[in-house]
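**Q** One structure, as structure tokens, below. Some questions next.
The values are calculated or read from the model by the stated rules, or taken from the named source; none is laboratory data. Bear in mind the structure is a predicted one, so any value in this text is a computation, not a measurement. With ideal geometry, Cβ positions are generated from the backbone for all residues, glycine too; neighbour counts draw on all protein chains shown.
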Amino acid sequence: MSSNVELEPGVTPESGLVTTDSFDNLGQMGSSLEEIKSASAVSQSQESNESNSHYDEFDESPNCMETTAKEDADLEEYKEWANKKNHVFVLSLAGKPIYSRHGNEDKLAWLFGVMQTLVSFVQSNDDCITSIQAGDTVFIFLVKRPLIMVAVSKTQDCIYQLISQLNYVFNQITSMLTLTRLNRIYEQRQNYDLRRLLSGVERLIDHLLDFSEMEPSFFLGAVQCLSLATSIRDSISSTIVSACSKIKNLVFAILLADNKLITLVRMKKYYLHPADLHLIFNLVQASESLKNSESWTPLCLPHFDPSGFLYGHVSYLSEDCQACLLLLTVERDIFFTLSEAKQRIVEKLRRGNCLQAINESLNAKEDTCANAGFTELRHYLYKCKSTAQFYQPSLSPPYVLSKQRLIDLYKRAYQRLHCTTRPLKLLFERSSDEVILAWDTKGFELYIIFEPLIDTTSAISLVTKLLNWIKKKEERLFHLTSPTFLK
Amino acid sequence: MDCDSGHRRIVRVSSKKRNNGEVNVNRSCRNSTASVNEEEEIDPYTRRRKESLKNNACDICIKVMLLGDSGVGKTCILMRFRDGLFLCGNFISTVGVDFRTKVVSVDNTKVKLQIWDTAGQERFRSVTHAYYRDAHALLLLYDVTNKTSFDNIRAWLGEIREYAQDDVVIMLLGNKADCGSERAVKREEGERLAREYSVAFMETSAKSGQNVELAFVAVARELKYRQNGQRDCNKFNVQDYVREQTQKSHCPPCTT
């Protein structure tokens, strides 16, 4: 394949999203709520206990429940539970159950006890358990003080993806409580039952896990944008900027619809991490209650600043336009200010026909490959690295009914390109069902599924054709500007 | 400098006290004397709250908050009241506080209700506390099928005393009254508790619609009378009103 890659659709000098491949470092962005507050000369004493907790001893013995398999029904239930393909557990360092993806945590107390024992046994030798492989089952342990996360998987997902999933779960919990609070809770009481504070969050975690298994955005570390003409997207952004021009300490304004980003306006100097944006998408999708009202909610974005809350005004634009607007600020009590700003935004967008444009794009769906003139392509993912955005066409047969299979193909290809032992630059794999091509360059990643009978030369020429097509449409498909609030 | 600011603070506190006293007196005779000057010195929260009461778009605008444990049916009551819908089956968990409005008319007066629907979960308390002070009325809910939610009412009333304004209208609601045999809290228990704290009480059902409208209208009515003060406002009393109304018309024919 010709490796001249001057064509990099979707590249832009500045992006509102942080782009990074290493996903798991908390705090790497170094942005801080304190900084924002003090920058605008609002001096409010805020608690910021950063002290780390130390747990060396666990005198608390896990309370085992008797496993009396008294009835067949129980046994059936157990079998069904045991056969689930992917389990995720969260427990405290003291072994208290916090979350189980399937089944009731209380009934599984014995199992949490085993997990805690494994972790602390290895820890006593100054070591850290990471994974156990047993036949077709892999057990992943992720110790992130003050919590332990465990994944048990029979899927073909690689360890990297499972760890990333666990990180997301940890971040979801942090985003509800903040890391500072989480640490403080366990400093004060090692055997605290965290479920008390997390009631309702289990549904968010459930949704997040399902979501992360079905959406390419998670393993790509990128977000998809809603296709819109540049002029429309720009006028939406500038409407938001002008409506919020007088509001102090507004950090982000995010407009999204149907799991796609419409625009992101940010405070100068501050960027949003895609993983944080995924949590926001998850919150919006999983919370039915946001649909019919304006909400005011505290939200911690763990990559942005794990120590404190942002406060979000969350509302859908209008009955007739189901795009969700989030205005995130560091101020705790400016609901009404933001509510008025939102009204102004909606009115102006309506007058500028932007609501209509958003609706049209939502209804039209993306092109399928065939519609775009690529009959030998079935599906593809294009990720622009520098903007952390990706594009995918609509699903077409044979994957409409088996999206999971398509996602698994992509995940495997992704893993081949990114595995630490022997990463590939280019993968071309032919099976009886399809041909998959994956290509990692400096500027982008491309994953394409072809018809199984395509020959190599035409596949390569199609890649160039596809890149040209994306380049031509890049202004529609990507959010190329990075608007900021006026100071 | 220090001395000066300290002095100023003392003055402010005392003026606030005087005002509070005055407001109470005013209630019976506000119509005749416009005590505008005095009111300017009230702290910003109280002023904002008072101003919002005289919202010009409607005759009166009042802020109502729904409180209570997670899952007692706060959102459902509100949906029933505002949209006449009951969301059966799926559990909708509120995130933070939700804000909705509805206009009702009380004796030909348009009353705009701004309703804060709060999340019951403990982790949202810090956000909800911030909005207690603005509220004119609080609807405090428990679930008659859930004893714990009833036991927690005392704690809620404690929080209310700490964060809300002294003259806030409080109404205790025992929700899910349609439950039948699953009931865990007797009606009398609710009544007793309400009497103990001298707040109004009724049992409601978002499912059947029982008393839902009445709960909101009753607080609207109470606040309207307080606001106008024209008719001898002492005569109107939410608790009496609620008692009358609930006796008059019992549960609409709806069960199962």
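**Q** Looking only at residues that are in contact (Cβ under 8 Å) with a residue 24 or more places away in the chain and either assigned to a helix (DSSP H, G or I) or aliphatic (A, V, I, L, M) (or both) in the stretch B:155-165, which one is farthest from the other protein chains (Cβ to nearest Cβ)?
**A** B:Leu157
**Q** Something else now. Working only within the stretch A:253-280, note down all residues that are within 14 Å of chain B (Cβ to nearest Cβ) and either out of contact with any helix residue (DSSP H, G or I) (no Cβ under 6 Å at 6 or more places or on another chain) or assigned to a strand (DSSP E or B) (or both).
**A** Across the stretch A:253-280, the qualifying residue is only A:Ile280.
**Q** Any residue at all in the stretch B:115-129 that's of a type in the set (Phe, Trp, Tyr), buried (at least 18 other Cβ atoms within 10 Å of the Cβ) and not in a loop (DSSP other than H, G, I, E, B)?
**A** yes
**Q** Here is a further query. For B:Ser149, state whether it is buried (at least 23 other Cβ atoms within 10 Å of the Cβ), in the same structural domain as B:Asp240 (by TED's automatic domain parsing) and in a helix (DSSP H, G or I).
**A** Working: buried (at least 23 other Cβ atoms within 10 Å of the Cβ): yes; in the same structural domain as B:Asp240 (by TED's automatic domain parsing): yes; in a helix (DSSP H, G or I): yes.
For B:Ser149, the condition - buried (at least 23 other Cβ atoms within 10 Å of the Cβ), in the same structural domain as B:Asp240 (by TED's automatic domain parsing) and in a helix (DSSP H, G or I) - is met.
**Q** Residue by residue through the stretch B:48-88, note down the ones that are modelled with pLDDT under 65 and loosely packed, with under 14 Cβ neighbours inside 10 Å.
**A** Listed by number, the residues that qualify are B:Glu51, B:Lys54, B:Asn56, B:Ala57.
**Q** Right, something else. Counting only residues that are outside any loop (DSSP other than H, G, I, E, B) and farther than 19 Å from A:Tyr160 by Cα, which one in the stretch A:385-404 is modelled with the lowest pLDDT?
**A** A:Lys403
**Q** In the stretch B:124-136, what count of residues is obtained for those that are away from chain A (no Cβ under 14 Å) and either touching a Ser or Thr at 6+ places or on another chain (Cβ under 6 Å) or within 14 Å of B:Gly68 (Cβ to Cβ) (or both)? Before the answer, list the steps.
**A** From the stretch B:124-136, those away from chain A (no Cβ under 14 Å) are B:136; that's our starting set.
Imposing the further condition that a residue be either touching a Ser or Thr at 6+ places or on another chain (Cβ under 6 Å) or within 14 Å of B:Gly68 (Cβ to Cβ) (or both) reduces the set to none.
Qualifying residue count for the region: 0.
**Q** Here's a follow-up. Taking A:Glu474, is it within 26 Å of the chain's Cα centre (by Cα) and assigned to a helix (DSSP H, G or I)?
**A** Criteria met by A:Glu474.
**Q** Are any residues in the stretch B:97-123 modelled with pLDDT of 85 or more and facing chain A (nearest Cβ under 8 Å), and if so, which ones?
**A** Across the stretch B:97-123, the qualifying residues are B:Val97, B:Asp98, B:Phe99, B:Arg100, B:Asp117, B:Ala119, B:Gln121.
**Q** Where residues in the stretch A:325-347 are among the acidic types (Asp, Glu) and more than 9 Å from chain B (Cβ to nearest Cβ), which of them is nearest to A:Met267 (Cα to Cα)? Please lay out each step first, then the result.
**A** Going through the stretch A:325-347, the residues among the acidic types (Asp, Glu) turn out to be A:331, A:333, A:340, A:347.
Okay, now just the ones that are also more than 9 Å from chain B (Cβ to nearest Cβ), so A:331, A:340, A:347.
Values: A:Glu331: 14, A:Glu340: 20, A:Glu347: 23 Å.
Residue satisfying both the conditions and the ranking: A:Glu331.
**Q** Restrict the check to the stretch B:172-181 and report whether at least one residue is part of a strand (DSSP E or B), free of Cβ contacts under 8 Å to residues at least 40 places away in the same chain, away from chain A (no Cβ under 14 Å) and hydrophobic (A, V, I, L, M, F, W, C).
**A** yes
**Q** Identify, from the list A:Ser120, A:Ser199, the residue that is of a type in the set (Gly, Ala, Ser) and in contact (Cβ under 8 Å) with a residue 24 or more places away in the chain.
**A** Values: A:Ser199 fails: in contact (Cβ under 8 Å) with a residue 24 or more places away in the chain.
Answer to the selection: A:Ser120.
**Q** Could I ask something else about it? Only residues that are part of a loop (DSSP other than H, G, I, E, B) and more than 11 Å from chain B (Cβ to nearest Cβ): list them for the stretch A:183-219, please.
**A** Of everything in the stretch A:183-219, those that are part of a loop (DSSP other than H, G, I, E, B) and more than 11 Å from chain B (Cβ to nearest Cβ) turn out to be A:Arg189, A:Gln190, A:Asn191, A:Tyr192, A:Asp193, A:Glu215.
**Q** Report whether or not B:Val185 is without any contact (Cβ under 8 Å) to a residue 60 or more places away in the chain, in contact with a strand residue (DSSP E or B) (Cβ under 6 Å, 6 or more places away or on another chain) and either within 14 Å of chain A (Cβ to nearest Cβ) or under 30 Å from A:Asp193 (Cβ atoms) (or both). Outline the logic, then answer.
**A** Values: without any contact (Cβ under 8 Å) to a residue 60 or more places away in the chain: yes; in contact with a strand residue (DSSP E or B) (Cβ under 6 Å, 6 or more places away or on another chain): no; either within 14 Å of chain A (Cβ to nearest Cβ) or under 30 Å from A:Asp193 (Cβ atoms) (or both): yes.
When the stated conditions are applied, B:Val185 does not pass them.
**Q** Which of the following residues is of a type in the set (Asp, Glu), at pLDDT 85 or above, assigned to a helix (DSSP H, G or I) and under 18 Å from B:Asp167 (Cβ atoms): B:Glu213, B:Glu222, B:Glu191?
**A** Details: B:Glu213 fails: under 18 Å from B:Asp167 (Cβ atoms); B:Glu191 fails: under 18 Å from B:Asp167 (Cβ atoms).
Every option except B:Glu222 fails the conditions.
**Q** Condition first: away from chain B (no Cβ under 14 Å), surrounded by 21 or more Cβ atoms within 10 Å (Cβ to Cβ) and assigned to a strand (DSSP E or B). Now tell me which residues in the stretch A:293-324 satisfy that.
**A** Selection gives A:Leu317, A:Ala323.
**Q** Output the residues belonging to the stretch A:224-252 that are assigned to a loop (DSSP other than H, G, I, E, B), out of contact with any Ser or Thr (no Cβ under 8 Å at 6 or more places or on another chain) and in contact (Cβ under 8 Å) with a residue 24 or more places away in the chain.
**A** Hits for the stretch A:224-252 are A:Ala229, A:Cys244, A:Ser245.
**Q** Residue check, A:Arg378 against (1) of a type in the set (D, E, K, R); (2) more than 21 Å from A:Lys260 (Cα to Cα); (3) exposed (fewer than 15 other Cβ atoms within 10 Å of the Cβ), all met but one. Which one?
**A** Evaluating A:Arg378 over (1) of a type in the set (D, E, K, R); (2) more than 21 Å from A:Lys260 (Cα to Cα); (3) exposed (fewer than 15 other Cβ atoms within 10 Å of the Cβ) leaves (3) as the failure.
Residues checked against (1) at pLDDT 90 or above; (2) within 14 Å of another protein chain (Cβ to nearest Cβ); (3) part of a strand (DSSP E or B); (4) under 30 Å from A:Lys411 (Cβ atoms):
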| position | (1), (2), (3), (4) |
| --- | --- |
| A:Val90 | yes, no, yes, yes |
| A:Tyr99 | yes, no, yes, yes |
| A:Trp110 | no, no, no, no |
| A:Val114 | yes, no, no, yes |
| A:Leu118 | yes, no, no, yes |
| A:Asp157 | no, no, no, yes |
| A:Phe170 | yes, no, no, yes |
| A:Arg181 | yes, yes, no, no |
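**Q** For the stretch A:434-453, does any single residue satisfy the condition of being more than 22 Å from A:Ala372 (Cβ to Cβ) and either touching a residue at least 24 places away in the same chain (Cβ under 8 Å) or not hydrophobic (A, V, I, L, M, F, W, C) (or both)? I'd like the intermediate steps shown before the answer.
**A** Looking only at the stretch A:434-453, we keep the residues that are more than 22 Å from A:Ala372 (Cβ to Cβ), and these are A:440, A:442.
Narrowing the set further to residues that are either touching a residue at least 24 places away in the same chain (Cβ under 8 Å) or not hydrophobic (A, V, I, L, M, F, W, C) (or both) leaves A:440, A:442.
Yes; the residues of the stretch A:434-453 include at least one that is more than 22 Å from A:Ala372 (Cβ to Cβ) and either touching a residue at least 24 places away in the same chain (Cβ under 8 Å) or not hydrophobic (A, V, I, L, M, F, W, C) (or both).
**Q** Go through (1) surrounded by 24 or more Cβ atoms within 10 Å (Cβ to Cβ); (2) under 16 Å from the mean Cα position of the chain (by Cα); (3) not in a strand (DSSP E or B) and name the single condition B:Asp134 misses.
**A** (1)
**Q** Condition first: among the hydrophobic types (A, V, I, L, M, F, W, C), in a strand (DSSP E or B) and out of contact with any Lys or Arg (no Cβ under 9 Å at 6 or more places or on another chain). Can you find one or more residues in the stretch A:437-454 that meet it? Before you say what the answer is, go through the steps one by one.
**A** Of the stretch A:437-454, the ones among the hydrophobic types (A, V, I, L, M, F, W, C) are A:437-439, A:444, A:446, A:448-450, A:453-454.
Cutting the leftovers down to in a strand (DSSP E or B) gives us A:437-439, A:444, A:446, A:448-450.
Okay, now just the ones that are also out of contact with any Lys or Arg (no Cβ under 9 Å at 6 or more places or on another chain), so A:437.
Yes; the residues of the stretch A:437-454 include at least one that is among the hydrophobic types (A, V, I, L, M, F, W, C), in a strand (DSSP E or B) and out of contact with any Lys or Arg (no Cβ under 9 Å at 6 or more places or on another chain).
**Q** Can A:Leu250 be described as within 14 Å of chain B (Cβ to nearest Cβ) and modelled with pLDDT of 90 or more?
**A** no
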